Amino acid sequence: MRLFNLLAAASALGSALAQGSDGKLRIMPLGDSITEITCWRAFVWDDIVAANYSSKVKYVGSQNSNPQNCKPKTAGWDMHHEGHSGWLAINIANQYLERWMQSTPADIVMFMLGTNDVNTGRSTADIMAAYTKMVNIMRKANPKMKIIVDLVIPLPFRPDGINAINKAIPAWAAGLNSTESPIVIADCNTGFPASDLRDGVHPNLAGDEIIRGRISPLLLNLIKESLGE
Ligand SMILES: *[C@@H]1O[C@H](CO)[C@@H](O)[C@H](O)[C@H]1NC(C)=O
Ligand SMILES: *[C@@H]1O[C@H](CO)[C@@H](O)[C@H](O)[C@H]1NC(C)=O
């Protein structure tokens, strides 16, 4: 009985601790140019700072850049990410994600992908299959991966494909959801006006603020849970 309690306590403690060697919880912003050459991840970092989590978490990914010269409140914000301009969910799932998960392991992945797939005429079914493959790769790397999947921001010149992915995501996410590895949805689409796109594809600063507002509350919740606070 005693041993059992001890093991249960150890396991509860284990699940509350971050897994990085520096003890920090690892958050990977994963996506295409809407992750790479935008400012929402900088603004989300401001929210992490405001919630007093910045010493306990870090962004991870093979990239470390600020191509838009974003100026959030926090001067020393963490610029790591796994955003790749022009890349398809399908190719990331099939060729890259497994390696990224090994080179920069994560505890939380937040991703928005599919815009380039839609833009190159890929089917909704193929895109959703890539999403499933990505979740499987994430969980193989970390069975307790916490996942934020974004509804994709509008793509006014090809709305049908984006709308189809966004329509498919809720049932897809619910079907793969688990207590050990929760998937939550950040709705980055509803109420996002075309006027908040700077070039018909990428968010301007107002659009970045919308994305920030949809992702931050979910991320802060997952951080809180992960740190056992
Ligand atoms: C963060 O820490 C500061 C200084 O200790 C404190 O004033 C503030 O209330 C904290 N904020 C939150 C959200 O816990
Ligand atoms: C997944 O489960 C969690 C609870 O563990 C819940 O908060 C979340 O909304 C669920 N996600 C989906 C997409 O149903």
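The values are calculated or read from the model by the stated rules, or taken from the named source; none is laboratory data. All values derive from a computational prediction rather than experimental measurement. Note that each Cβ is placed from the backbone with ideal geometry, even for glycine, and that neighbours are counted across all protein chains shown.
Yes or no: region 43-60 includes at least one residue that is in contact with a strand residue (DSSP E or B) (Cβ under 7 Å, 6 or more places away or on another chain), assigned to a helix (DSSP H, G or I) and either away from ligand 2 (no atom under 16 Å from the Cβ) or at pLDDT 90 or above (or both). Checked against the condition, which is being in contact with a strand residue (DSSP E or B) (Cβ under 7 Å, 6 or more places away or on another chain), assigned to a helix (DSSP H, G or I) and either away from ligand 2 (no atom under 16 Å from the Cβ) or at pLDDT 90 or above (or both), region 43-60 yields at least one hit. Any residue at all in region 160-171 that's in contact with a strand residue (DSSP E or B) (Cβ under 9 Å, 6 or more places away or on another chain), within 16 Å of ligand 2 (Cβ to nearest atom), part of a loop (DSSP other than H, G, I, E, B) and closer than 27 Å to LEU25 by Cα? No; the residues of region 160-171 include none that is in contact with a strand residue (DSSP E or B) (Cβ under 9 Å, 6 or more places away or on another chain), within 16 Å of ligand 2 (Cβ to nearest atom), part of a loop (DSSP other than H, G, I, E, B) and closer than 27 Å to LEU25 by Cα.
For every residue, the table says whether it meets (1) part of a helix (DSSP H, G or I); (2) touching a residue at least 24 places away in the same chain (Cβ under 8 Å); (3) of a type outside the set (Phe, Trp, Tyr); (4) within 23 Å of GLY86 (Cα to Cα).
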| residue | (1), (2), (3), (4) |
| --- | --- |
| VAL184 | no, yes, yes, no |
| GLY191 | no, no, yes, no |
| GLY200 | no, yes, yes, yes |
| LEU220 | yes, yes, yes, no |
| ILE223 | yes, yes, yes, no |
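Is it the case that ILE153 is crowded, with 22+ Cβ neighbours inside 10 Å, assigned to a loop (DSSP other than H, G, I, E, B) and hydrophobic (A, V, I, L, M, F, W, C)? Taking the combined requirement at face value, the residue satisfies it.
Is it the case, given these coordinates, that ILE162 is more than 16 Å from the chain's Cα centre (by Cα) and touching a residue at least 12 places away in the same chain (Cβ under 8 Å)?
Spelling it out, ILE162 is indeed more than 16 Å from the chain's Cα centre (by Cα) and touching a residue at least 12 places away in the same chain (Cβ under 8 Å).
When the criteria are applied in full, PRO72 meets the requirement of being over 27 Å from THR120 (Cβ atoms), out of contact with any His (no Cβ under 7 Å at 6 or more places or on another chain) and of a type outside the set (Val, Ile, Thr). Looking across region 84-99, the residues that are assigned to a helix (DSSP H, G or I) and touching a residue at least 40 places away in the same chain (Cβ under 8 Å) come down to ALA89, ILE90, ILE92, ALA93, LEU97, GLU98.
When region 147-159 is filtered for residues that are farther than 23 Å from ILE27 by Cβ and touching a residue at least 24 places away in the same chain (Cβ under 8 Å), the ones remaining, listed by number, are PRO154, LEU155, PRO156, PHE157, ARG158.
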